[in-house]
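Worksheet: the structure to be examined is printed underneath.
Every number here is computed from the coordinates shown, using simple stated rules; none is lab data. On a predicted model such as this, the values are computed, not experimentally measured, just so you know. With ideal geometry, Cβ positions are generated from the backbone for all residues, glycine too; neighbour counts draw on all protein chains shown.
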């Protein structure tokens, strides 16, 4: 088994693997995006955004199960990548690896008057999820509009009431600085409440400046 621990969102955290009924960590001083890509895909967390080492999500515990992992990037599981062998090397936990995955594969604005306005939705696997009004701000909208080649952000509005249509709610808040190239690179945090009163509605200028 594979999991991400102690992260700030659904698809970020310390990389941990389960072997012989015990969870342990992955140690690597040369942890790459190709390695992280395999982790993200295996966990159905989109694509790799960052590959991190030196315990960015805190030090783990238990054995170091995998050491010097070397992935091509297309493997179906992390342990199918080249490595030194299960538990073959005892590594200090301050070298534990971490990943940040995009968590989603696509995003879109729907229901607006143009292709550059509407409710914000993100796609995870084959399912679209709506983003709540309380989960984004103007800086996030600026990054979004730029990513969609929709010019500059004009406004973030409290959209349609959520209602009883049972749409999937995206559980993370976006906290963009404003200079990120895309939404996947923005810091995110799990939202404690699972309720959503209104959609997030974004209006972009519609022109790439």
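With the cut-off at 1.5 for a/c, could you classify region 2-101 from its C-alpha gyration tensor as rounded, prolate or oblate?
rounded
Return one quarter of the surface area of the convex hull spanned by the alpha-carbon atoms of region 106-204, equal to its mean projected area, in nm².
Working: hull surface 23.4 nm².
Over all viewing directions, region 106-204 projects a mean Cα-hull area of 5.8 nm².
Regarding region 17-69, what whole-number volume in Å³ per residue does the convex hull of its Cα atoms give?
It comes to 85 Å³ per residue, whole-number rounded.
Sorted by mean Cβ packing within 10 Å, highest first, what order do the peptides 142-153, 67-78 take?
142-153, 67-78
Multiply the residue gap between residue 44 and residue 30 by 0.36 nm, knock off their C-alpha separation, and tell me the result in nm, one decimal place.
Here the answer is 2.7 nm.
When DSSP beta bridges are limited to those with both residues in the chain, what percentage is antiparallel, rounded to the nearest 5?
Percent antiparallel among DSSP bridges in the chain is about 90.
Take the Cβ-Cβ distance between residue 129 and residue 5 as r, set R0 to 25 Å, and report the resulting FRET efficiency rounded to the nearest 0.05. Provide the component values of the computation, followed by the final result.
Details: r = 23 Å, r/R0 = 0.93.
With R0 = 25 Å, the Cβ-Cβ based efficiency is 0.60.
Given the DSSP H assignment, sum -39500 (n - 2.57) over each helix run of at least 4 residues in the chain and divide by its residue total; what's the result at 222 nm in deg cm²/dmol, nearest 500?
Details: 2 runs with 20 residues, N = 209.
Result for the chain: -3000 deg cm²/dmol, rounded to the nearest 500.
For residue 22 and residue 152 in one chain, what is 0.36 nm times their gap in residues minus the Cα-Cα distance, to one decimal in nm? Kindly include the intermediate steps, with their values, before the conclusion.
Numbers: separation 130, 0.36 × 130 = 46.80 nm, distance 4.95 nm.
Here the segment from residue 22 to residue 152 would lengthen by 41.9 nm.
When the chain is fully extended, how far beyond the present Cα-Cα distance does residue 61 get from residue 80, taking 0.36 nm per residue of separation?
The residue 61-residue 80 span can extend by a further 4.6 nm.
Quick one: helix 138-147 against the long Cα principal axis of the chain, what's the angle to the nearest 10°, folded into 0 to 90?
Taking the Cα atoms of the chain, the angle to 138-147 is about 80 degrees.
Would you list 122, 156, 15 from fewest to most Cβ contacts within 10 Å?
156, 122, 15
Distance in nm between label sites at residue 182 and residue 138, each 7 Å beyond Cα in the beta-carbon direction?
Going from the residue 182 label point to the residue 138 one covers 2.7 nm.
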